[in-house]
Amino acid sequence: MQFIQILAFGLLLGGVYALLASGVTLIFGVLDVVNVAQGAFLVFSALFTWQIWDLFGFEPLLLIPLNGLLMGLLGWAIYRGMLVRVAPQGPGMTVLLMFGIALILEGILNLWFGNKFKSVTPSYYLSSFNFGDIVLPMPQLISGILAFITLGLIYAYLRFSWAGRALRASAQNKEGAALVGISQRSAASLAFAIGAATAGVGGVLLAIMYPIFPATQYDWISRLLGIVVLGGFGSIPGAITGAMILGVTEAFANTYLPQWSSLFFYGAILLILLFRPQGLMGTKTREDVVA
Amino acid sequence: MIEKLKKPSAFVPLALLAVVAVIPFVLPDSQYEEAILITCFLFVIMASGWNLISGLAGYVSLGHSVYLGIGMYTGAILGKLWGVDAMWLMPLGALMAALVAMVIGFIVLRTRSHAFVIITIAVLLSFQLLAANLKPLTGGADGIVVPPPSWAFELGNTPYYYIFFVLMLLTIALSAFVMNSRLGAGLVAIRNDEGKAASIGINTTLYKVTAYTLSAIPFGAAGAVYGQYLSFVNPLGAFAILTSVYLVLAALIGGRATLWGPVIGGFIVAIANEVSTVVAGGVSARVLIMGLVLVLTVMFMPAGLLPTISNRIKRNKESKSAVKFIDQAAIAKQNDDVQIDNIIARSKSASSYAGPILEVKGIVKRFGGVTAVNNVDLTVERGSITGLIGPNGSGKTTLFNCMTGTFRPDSGQVLLDGVDITGDQVWTRAHEGLGRTFQITRLFKSMTVLDNLVAPLEKTSARQMVAGRYSGDEVDRAREVLDFMGLGQFEKQNAAALSFGQQKLVELAQILMLRPSIILLDEPASGINPTLIGKLASVIKRLNDAGTTVLIVEHNIPLVLSLCDTVHVLAAGEILLSGTPDEVRNDPQVIEAYLGPDHLLEADNV
């Protein structure tokens, strides 16, 4: 029974990771940018949640749409104001730009909140959900379910809307998409906004699950990027698979060998890359005709 | 690069370094200045090391301070265990860092991907966790207190000052050595276009892993001493991500891929950091400031100080020298006087194998549900000019890519001189005598035409990697090949300045430097003007006369039929027909494959 409980817990955790990592992989797929600032976006949103909750004390989950929107706008502005200028210089420079932005956000948050853990503790913080013998902590259950719902909405948007189709087209072939009338600048702005918005939503979910402080952005970004590397760059199914692997690994490791849990995951990544350099679901792209 | 060192401008930094060397003697009570300069030296050491992989090869590492931490722990643990001063442990620190880098490099640098930058962050955090959890060895989160050095207390930090100073000079020397070597040239080629680099014989995996390993060595050596200098080593301090930020910033501000850029940048960042600590205080403010500087540098001065300045000087100079770019006549001229046989002849060309030079047996390649190439057998006879034609989508390029190693076929074999090369790396094929050009040229655009020609490597060897960039007879051979192609006057131009057609000729010239026994040309005539097509045809004939086998994939049917001895026609992923140009020209099946089944009927209706 404990096995199933840990597994369920891991899958819920994986759902949250999947939401966050799909933002990173979407941005990479459409823009060819490794968004190392996703962890900072996430922590920013989480601490913003704490601030509002601390000031007004209402249900933090109500902030999900607002935070999603705010981070989406921030992402859009970062793309239009900065990334678009740096993008022609290639992935090496864009990653440095995003790293700089992450540091700026961390610095601002440090000055604002200080280097202390902040915890959002709504009424259900310590309660749990009992399903037969299986006991799941309420915050994890709520976050996991909401993450899956958001992920489903994003998936439906990408799958069924015109804009979503344009994004998928751009991810596959930028020149081709531009030729059939998809503005690459708009597609990239949209992708970056959606990617950042997942961090906005995810930040609220994390805020009710974990204590947060600014420098935890490094833990988060390395987890998220690890998921994306594991699943294969640019592949959303890959990101979801990678996230589930991380969630379950962490859940089990936390039960049996708590201090080693992250190391297990990084070790697993290196091991998988040894045999599949492109990640689990990544494909080798054709390079010979690229000018 | 070599010429640069001989210029007087190289003496400026050397003179400044000499001044820095005597500071502890000239300035009494200079403990504070010494401490700041030690930080400067450390930053230079790290930025110059990082530059080898991230500047030259273009693989950005955001977690490179992990190697400083590995050095620090090596120094602290062994120093305590053996009771020796940390300075004697520098080689071991360097060795540990190199070993870890080699393993990680082998895992993440084999393919060309973004996994590298990400893994570098994860590796840094993993080591932080390792250090915090391996309590018996590392003292856990509390860290290790390192006993003071055995030298007289009155000496203060001055011995450290010279240790780090010498280490800095060694790192700069290492960096200069790499930049002037074939290894350095290969790394720059990898940064420009990795796939292309492999196709001209550069073992990209070996080069990248070597550069990554070398880049870790200065970190490991410096770390071993740095732990004792700080007298304390703990996980968060040793594996600090902020250290990585500083060193990336230092290299970026000074100028990546230059020798002195990271040196200047190291001093600037270390001093700016000290100032911001004094003025702005705590870590939070510094994180914010460093983030701002990083963003501003990337946006407004991405090349860094040194290249920005030298480009400005160069632009002024260039505007004064006039160049003829469109000297078509000179290019089109037949250079019958140039003897190429010796320049391109393959020394081991007399391979004992008498059969066909290139054979393809039962190649199948599928993409998802589409079978692009279905069980194709094809032979290229030694000394022939063989054509491969077929309508769009018939699988020509896929087959071509299976032969050159860009794709692995799902089944079937590729034999070169009777030897199975199906599983060989792209660069190995280049060493074995298979040269290829690209449909859309892939020259190293930021390099000169001559540098492009000197880049190809006929083999992989350690001796060659450490050899000077222009050592050997490559430069002479390159000039002769350029003369043969009628491109001699362009040798100092950047490849990007040439027209597309000229670039195609340069790319062919580049392949000739490999002394290939067979050249695979991917649509050589597409997108170039008729004069150059004529030139190309005559070059191909001359090469063939000199003993080189040629395989052409082409849509220009008149060119193929006039040049080739044998033509293979591919349709719907299968060989439709192989024969002489005359047989192909008159075959109704071929006409049908190109024009569809109804064209004759329609013609009758007219």
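In the range B:445-469, which residues are buried (at least 16 other Cβ atoms within 10 Å of the Cβ) and within 14 Å of another protein chain (Cβ to nearest Cβ)? Residues satisfying the conditions do not exist here. Name the residue that is surrounded by the most Cβ atoms within 10 Å (Cβ to Cβ), counting only residues in the range B:286-297 that are without any contact (Cβ under 8 Å) to a residue 40 or more places away in the chain and more than 7 Å from chain A (Cβ to nearest Cβ). In this case the residue turns out to be B:ILE289.
Annotation note: Cβ proximity below 8 Å between a residue of the range B:90-103 that is assigned by TED's automatic domain parsing to the domain that holds B:GLY69 and a residue that is surrounded by fewer than 18 Cβ atoms within 10 Å (Cβ to Cβ) and at pLDDT below 95 (sequence gap 6+ or interchain) occurs for no pair. Among the residues of the range B:410-428, those identified as more than 14 Å from chain A (Cβ to nearest Cβ) and not small (Gly, Ala, Ser) are B:GLN413, B:VAL414, B:LEU415, B:LEU416, B:ASP417, B:VAL419, B:ASP420, B:ILE421, B:THR422, B:ASP424, B:TRP427, B:THR428.
Across the range A:231-255, the number of residues qualifying as aromatic (Phe, Trp, Tyr) and touching a Ser or Thr at 6+ places or on another chain (Cβ under 8 Å) comes to 1. Restricted to helices (runs of 4 or more DSSP H) entirely inside the range A:112-188, those with at least 1 residues that are more than 19 Å from A:GLY200 (Cβ to Cβ) and under 22 Å from the mean Cα position of the chain (by Cα) are A:138-160, A:162-172.
The requirement of being more than 15 Å from A:TRP260 (Cα to Cα), surrounded by fewer than 22 Cβ atoms within 10 Å (Cβ to Cβ), at the interface with chain A (Cβ under 10 Å from one of its Cβ atoms) and of a type in the set (Phe, Trp, Tyr) is satisfied by B:PHE106.
In the range B:255-285, which residue that is surrounded by fewer than 18 Cβ atoms within 10 Å (Cβ to Cβ) and at the interface with another protein chain (Cβ under 9 Å from one of its Cβ atoms) is nearest to B:GLY49 (Cα to Cα)? Among residues in the range B:255-285 that are surrounded by fewer than 18 Cβ atoms within 10 Å (Cβ to Cβ) and at the interface with another protein chain (Cβ under 9 Å from one of its Cβ atoms), the one nearest to B:GLY49 (Cα to Cα) is B:VAL283.
Every listed requirement among (1) within 9 Å of another protein chain (Cβ to nearest Cβ); (2) touching a residue at least 12 places away in the same chain (Cβ under 8 Å); (3) surrounded by fewer than 18 Cβ atoms within 10 Å (Cβ to Cβ) is met by B:THR111 save one, (2). With respect to (1) closer than 30 Å to B:LEU399 by Cβ; (2) in a helix (DSSP H, G or I); (3) small (Gly, Ala, Ser), the lone exception for A:ALA199 is condition (1). The residues listed here are B:VAL539, B:VAL506, B:VAL567; of these, the one that is free of Cβ contacts under 8 Å to residues at least 60 places away in the same chain and not basic (Lys, Arg) is B:VAL539. Counting residues in the range A:193-202 that are within 18 Å of the chain's Cα centre (by Cα) and closer than 20 Å to A:PHE275 by Cα gives zero.
Quick one: how many residues across the range B:89-103 are out of contact with any Pro (no Cβ under 8 Å at 6 or more places or on another chain) and away from chain A (no Cβ under 14 Å)? Result for the range B:89-103: 10.
Contact map, the range B:169-198: first residue closer than 21 Å to B:LEU434 by Cβ and not assigned by TED's automatic domain parsing to the domain that holds B:THR406, second residue among the β-branched types (Val, Ile, Thr) and in a helix (DSSP H, G or I), Cβ cut-off under 7 Å, separation 6 or more or different chains; pairs are B:ILE190/B:THR204; B:GLU194/B:THR204; B:ALA197/B:ILE190; B:ALA197/B:THR204; B:ALA198/B:THR204; B:ALA198/B:VAL426.
Select, from A:LEU31, A:LEU103, the only residue that is in contact with a helix residue (DSSP H, G or I) (Cβ under 9 Å, 6 or more places away or on another chain), more than 26 Å from B:ARG286 (Cβ to Cβ), crowded, with 21+ Cβ neighbours inside 10 Å and within 13 Å of chain B (Cβ to nearest Cβ). Sole residue among the options that is in contact with a helix residue (DSSP H, G or I) (Cβ under 9 Å, 6 or more places away or on another chain), more than 26 Å from B:ARG286 (Cβ to Cβ), crowded, with 21+ Cβ neighbours inside 10 Å and within 13 Å of chain B (Cβ to nearest Cβ): A:LEU31. Here A:GLY72 clears all of (1) of a type outside the set (S, T, N, Q); (2) within 17 Å of the chain's Cα centre (by Cα); (3) buried (at least 23 other Cβ atoms within 10 Å of the Cβ) except the condition numbered (3).
Taking the listed residues A:MET93, A:MET82, A:MET71, A:MET98, the one that is of a type outside the set (Gly, Ala, Ser), within 14 Å of another protein chain (Cβ to nearest Cβ), in contact (Cβ under 8 Å) with a residue 24 or more places away in the chain and closer than 30 Å to B:LEU249 by Cβ is A:MET98, with no other qualifying. Checking each residue in the range B:470-497 for being buried (at least 19 other Cβ atoms within 10 Å of the Cβ), under 22 Å from the mean Cα position of the chain (by Cα) and closer than 22 Å to B:LYS314 by Cβ picks out only B:ALA495. Here B:ALA478 fulfils each of the conditions (1) touching a His at 6+ places or on another chain (Cβ under 7 Å); (2) farther than 30 Å from B:PRO391 by Cα; (3) among the small types (Gly, Ala, Ser) apart from (1). From the list A:PHE213, A:PHE265, A:PHE233, the one residue that fits, being within 12 Å of chain B (Cβ to nearest Cβ) and in contact with a strand residue (DSSP E or B) (Cβ under 9 Å, 6 or more places away or on another chain), is A:PHE213.
Results for (1) exposed (fewer than 14 other Cβ atoms within 10 Å of the Cβ); (2) out of contact with any helix residue (DSSP H, G or I) (no Cβ under 9 Å at 6 or more places or on another chain); (3) touching a residue at least 40 places away in the same chain (Cβ under 8 Å); (4) within 21 Å of B:ARG256 (Cβ to Cβ), shown as yes or no for each residue.
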residue: B:PRO28; (1), (2), (3), (4): yes, yes, no, no
residue: B:TYR32; (1), (2), (3), (4): yes, yes, no, no
residue: B:ILE36; (1), (2), (3), (4): no, no, yes, no
residue: B:PHE41; (1), (2), (3), (4): no, no, yes, yes
residue: B:ILE45; (1), (2), (3), (4): no, no, yes, yes
residue: B:TRP50; (1), (2), (3), (4): no, no, yes, yes
residue: B:SER54; (1), (2), (3), (4): no, no, yes, yes
residue: B:SER61; (1), (2), (3), (4): no, no, yes, yes
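A residue that is more than 29 Å from B:ARG542 (Cβ to Cβ), at pLDDT 85 or above and within 21 Å of the chain's Cα centre (by Cα) occurs somewhere in the range B:425-446. Filtering the range B:79-94 to residues that are among the aliphatic types (A, V, I, L, M) and more than 19 Å from B:THR171 (Cβ to Cβ) leaves B:LEU81, B:VAL84.
The values are calculated or read from the model by the stated rules, or taken from the named source; none is laboratory data. Owing to the predicted nature of the structure, the values given are computational and were not obtained by experimental measurement. Counting neighbours? That spans all protein chains shown, and the Cβs are built from the backbone with ideal geometry, glycine included.
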